[in-house]
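Before any comments, here is the structure.
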Amino acid sequence: MNIILLGAPGAGKGTVAELLTARYGIPQISTGDMLRSAVKAGAPLGKKAEGYMKRGELVPDALILEIMEARLQSDDCRGGFILDGFPRTTGQAESLKKILGRLDMKIDAIVNLEVPEDVIIRRLTSRRTCSNTGCQAIYNIFTKPSKKEGVCDKCGSPTVQRDDETEEAIRQRLATYAEKTAPLIEFYRNDPAFITAPSLKPEPAIDAIESLVGR
Ligand code: ADP
Ligand code: ZN
């Protein structure tokens, strides 16, 4: 099963993806996680992407498309995948169509996660992320704290606030979302695989996907 998760930063794409991975055994492909790993590793991709990310702007489409076309061809994607944070522009969505055509794949569910803006801002400012790039587990100091403050439950590394989770960068990320990514909702709206789910909790999205794909 191939799934696209859409939604603003903080809409809960990562949380929903984690549940879907557990349920269907398919990998979460987060372009944000891939880029952060590349930045930490000092890889050429990371060097090119870092400045945009810190400012809360999008990385140029060409960079993203290159890593995604390769990623979708890895063995672990054969049984399906969850796209989290890609596509993020209509240009990326057009290119994804072509890539999927070349790979003879199709999308089964496009899920738009809806959350009020005040909730999003609260979530993003209270979010903590595991600093271990191989882990990147996500916590929330109010709703999902790690067992020991500042320490990841899964791997024991320190949990930190991301560079782009300052108030200014958050405001920029939301503006970028409204301008560049929200138009994807119109792009996909008439697709039979498109569904919208309220995302104060992850369950409605999971249920909506299940009713759509009938499993
Ligand atoms: P969030 O969805 O919480 O904003 P992500 O972890 O998905 O965060 O992305 C972090 C940053 O990585 C984005 O602000 C952007 O700079 C970059 N990025 C991630 N995915 C894409 C993409 N598909 N296209 C362009 N830039 C991206
Ligand atoms: Zn961790």
How large is log10 of I(q)/I(0) for region 118-215 at q = 0.20, 0.22, 0.24, 0.25 Å⁻¹ when the intensity is taken from the Debye formula with one equal scatterer per alpha-carbon? -1.09, -1.12, -1.15, -1.17
Heavy-atom accessible area of Phe142, protein chains in place, probe 1.4 angstrom, given in Å² to nearest 10, is 150 Å²
Separation of alpha-carbon centers, region 117-133 and region 148-177, rounded to whole Å: 5 Å
Among residues other than Ile110 whose Cβ falls under 13 Å from its Cβ, what is the net charge (Lys/Arg +1, Asp/Glu -1)? 0
Note: region 65-117 at 20 °C, 1.002 mPa s; Kirkwood Rh on alpha carbon pairs; Stokes-Einstein D in µm²/s works out to 176 µm²/s
Which shape class applies to region 159-209: rounded if a/c is under 1.5, otherwise prolate when a/b exceeds b/c and oblate if not, where a ≥ b ≥ c are the square roots of the Cα gyration tensor eigenvalues? oblate
State, as an integer percentage, the relative contact order of the chain based on alpha-carbon contacts under 8 Å between residues 6 or more apart. 30 percent
Neighbour-limited loop hits for trypsin sites (Lys or Arg not before Pro), region 1-107 (at most 13 other Cβ within 10 Å; DSSP other than H, G, I, E, B): Arg78, Lys106
Give me a comma-separated list of calculated 3J(HN,Hα) values for region 43-51, in order, Karplus coefficients 6.51, -1.76, 1.60 applied at θ = phi - 60°, integers in Hz, x for any Gly or Pro. 6, x, 4, x, 4, 6, 8, 3, x
SASA check, Glu203, accessible area w/ 1.4 Å probe, all protein chains in place, rounded to nearest 10 Å², comes out at 90 Å²
Sulfur and carbon atoms: percent of accessible area, region 60-175 [1.4 Å]: 50 percent
Rg and Dmax of region 1-62, Cα atoms, in Å? 13.3, 36
Which number do you get for Rg(Cα) / (2.2 N^0.38 Å) in region 40-187? 1.14
How big is D for region 1-105, in µm² s⁻¹ as a whole number, if Stokes-Einstein is applied with the Kirkwood radius of its Cα pairs at 37 °C and 0.692 mPa s? 230 µm²/s
What does the helix-only formula give at 222 nm for the chain: each DSSP H stretch with n ≥ 4 adding -39500 (n - 2.57), the total divided by the residues, and the result rounded to the nearest 500 deg cm²/dmol? -13000 deg cm²/dmol
Give the residue list of GluC sites (Glu not before Pro) in region 129-203 that are DSSP loop and have at most 16 other beta-carbon atoms within 10 angstrom. Glu149
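The values are calculated or read from the model by the stated rules, or taken from the named source; none is laboratory data. Since the structure is predicted, the reported quantities are computational estimates derived from the model, not experimental observations. FYI the Cβ positions are ideal-geometry reconstructions off the backbone, even for glycines, and counts take in every protein chain you see. Quick note on the areas: whole protein, heavy atoms, side chains included, nothing else; ligands and nucleic acids left out. Shrake-Rupley method; radii C 1.70, N 1.55, O 1.52, S 1.80 Å.
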